[in-house]
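Undergrad: Before I ask anything, here is the structure I am working with.
The values are calculated or read from the model by the stated rules, or taken from the named source; none is laboratory data. Values in this document were obtained by computation on a predicted structure and should not be read as measured data. Note: ideal-geometry Cβ built from the backbone for every residue, glycine included; neighbour counts use all protein chains shown. The accessibility values were calculated without ligands, DNA or RNA, using every heavy atom of the protein model including side chains. Shrake-Rupley method; radii C 1.70, N 1.55, O 1.52, S 1.80 Å.
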Amino acid sequence: QVQLRESGGGLVQAGGSLRLSCAASGRTFSTYAMGWFRQAPGKEREFVAAITRSGGGTYYADSVKGRFTVSRDNAKNTAYLQMNSLKPEDTAVYYCAAKRFIATMTEHEYDYWGQGTQVTVSS
């Protein structure tokens, strides 16, 4: 089992940047693919980005491709989401999630979730 805790959210102006971190407990972090999802007010949670266990493969939603970068440091049991060129429509609660083996973009396939961190982008 793994416990996840996000940090790094906040208020930023449009065009700015934030880096989210997702710290994981346990000794088996490298066996989990990691995903980032977000939920805006009044909307369903949606996929943002995912990274394979080794970090060698990454996947992005079209809406963030070219602006966001997902990465991980298995030695530090931490995954990251670097968000650049932020837009007001990026405002949401951002969640990291973990699943065994293969990285996917499908929310219900992730077994473990953090509590979320709020990102607010002002225009």
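Undergrad: When ligands, DNA and RNA are left out and all protein chains stay put, how many square angstrom of accessible area per residue does the chain have with a 1.4 Å probe?
TA: Spelled out: the 1.4 Å probe surface of the chain, per residue, equals 51 Å².
Undergrad: Let me ask you something else. Which residues' amide hydrogens lie under 5 Å from the amide hydrogen of MET105, considering only partners 5 or more residues apart or on another chain, with H built in the peptide plane?
TA: Those lying under 5 Å, H to H, from MET105: there are none.
Undergrad: Could you tell me which GluC sites (Glu not before Pro) in segment 27-123 are loop residues by DSSP with no more than 12 other beta carbons within 10 angstrom of their beta carbon?
TA: Passing sites in segment 27-123 are GLU44.
Undergrad: With springs connecting C-alpha atoms under 10 Å apart, model the chain as a Gaussian network and identify which of SER21, SER54, SER71 has the largest mean-square fluctuation.
TA: SER54
Undergrad: At 1.4 Å probe size, with the rest of the protein present, what percent of the exposed accessible area of the chain is carbon and sulfur atoms?
TA: It is 46 percent, rounded to a whole number.
Undergrad: Mind checking which of ALA24, PHE37, ASN84 is farthest towards the positive end of the chain's charge dipole, using Cβ charges of +1 (Lys, Arg) and -1 (Asp, Glu) about the Cα centre?
TA: Of the options given, the answer is ALA24.
Undergrad: Between segment 12-46 and segment 61-116, what's the alpha-carbon centroid distance in Å?
TA: 4
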